[in-house]
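Presented below is the structure to which this report refers.
The values are calculated or read from the model by the stated rules, or taken from the named source; none is laboratory data. What you are looking at is a predicted structure, and each value in this text was computed from that prediction instead of being measured. Here Cβ is always computed from backbone atoms with ideal geometry, including for glycine, and neighbour counts include all displayed protein chains.
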Amino acid sequence: MNQWMSLFKKEMLEMSRNFKWIWVPLTFIMIAVKEPLTLYYMPQIIDSLGGLPEGAVIELPVPSAGEALAASLSQFNTFGVLIIVLITMGTIAGERKSGVAGIILVKPVSYARFVTSKWAGSMILIWFSYLLGYFLSWYYVGVLFEFIPFSDFLQSFFVYGIWLTLIITIVILFNTFIKSPGTIGFISIGVIVILSLLSSSLPHLLEWSPALLSAYTNAFILGRNFPDELLPSIIVSVITIVISMLASIAIFKRRELA
């Protein structure tokens with residue numbers, strides 16, 4: 001346990017030195033807060049651009065609070081996912097390529113502790129940033145439109161967080177057998193896009209797909225209940241996360257020993 005804590009503290013210190021604890025939360029906040037502000041001030045934004053006939057009146061339908069919050073969540077599903085991949089695509093691969101991983105593993109360091117400490121560090125950073133961004137989005141939606149019950153906010157936060165956790169785990173898995181961070185990022189985004197497209201195109205066949213967690217969360221935010229397919233989707237997501245972590249440890253150990 002002391003060994004794992006030492007590896008974990010090293011990861012936290014490294015992220016601090018790279019200022020990730022500053023720019024990653026700020027980026028998530030800007031992504032999340034932009035949508036409710038843009039939706040609320042859209043008439044003024046259009047009016048300020050000019051080019052409209054004199055006396056023209058801009059009347060846009062006022063979105064509901066659920067629609068505004070769902071719009072913020074959709075930004076996490078695009079820009080947020082991209083940022084997560086960019087942050088984690090060199091978590092292990094970068095140290096393998098530079099030789100740092102080899103230096104650490106020369107000592108009696110467990111491969112499982114090495115991989116899980118990297119995963120835990122990325123998890124804490126992303127979940128902390130996601131919490132700040134989503135909470136401020138919920139707050140601004142409440143101020144500008146209407147407050148959504150805090151219990152609904154928490155439920156949607158944790159359900160969508162499972163999808164983000166799976167993304168982190170997938171990228172960590174690719175880190176264990178690919179040394180190029182750029183290649184890891186390209187493949188990870190490709191897998192996520194393909195899974196999302198298949199799930200949205202064939203929802204009746206892939207209703208248990210983890211990629212549908214975002215759609216289920218949006219439906220809940222828009223005032224509907226979580227569908228019955230939510231539980232199977234969560235179970236599949238958790239099983240995939242566990243299997244991916246076990247595979248990451250096994251693959252990393254085999255690669256390093258080779």
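Looking only at residues that are crowded, with 21+ Cβ neighbours inside 10 Å and of a type in the set (Ser, Thr, Tyr) in region 112-164, which one is nearest to residue 208 (Cα to Cα)? It comes out as 160.
Which one is surrounded by the fewest Cβ atoms within 10 Å (Cβ to Cβ), of the residues in region 89-106 that are of a type outside the set (Gly, Ala, Ser) and at pLDDT below 85? Filtering first and then ranking leaves 106.
Going through (1) exposed (fewer than 15 other Cβ atoms within 10 Å of the Cβ); (2) under 25 Å from residue 12 (Cβ atoms) one by one, residue 190 falls short only on (2).
Given the criteria at pLDDT 95 or above, under 30 Å from residue 64 (Cβ atoms), polar (S, T, N, Q) and within 17 Å of the chain's Cα centre (by Cα), does residue 244 qualify? No, not satisfied.
If you go through region 214-228 one residue at a time, do you hit one that is touching a Leu at 6+ places or on another chain (Cβ under 7 Å), aromatic (Phe, Trp, Tyr) and under 26 Å from residue 129 (Cα atoms)? Yes, that holds for at least one residue. Of the helices (runs of 4 or more DSSP H) contained entirely in region 67-135, those carrying at least 2 residues that are not aliphatic (A, V, I, L, M) fall at 93-98.
Identify the residue in region 146-195 that is free of Cβ contacts under 8 Å to residues at least 60 places away in the same chain and of a type in the set (S, T, N, Q) and, among all such residues, is nearest to residue 244 (Cα to Cα). Only one residue tops the list, namely 183. When we screen 80, 102 for residues that are under 23 Å from residue 221 (Cα atoms) and small (Gly, Ala, Ser), the only hit is 80. The single condition among (1) hydroxyl-bearing (Ser, Thr, Tyr); (2) in contact with a helix residue (DSSP H, G or I) (Cβ under 7 Å, 6 or more places away or on another chain); (3) modelled with pLDDT of 90 or more that residue 40 does not meet is (3).
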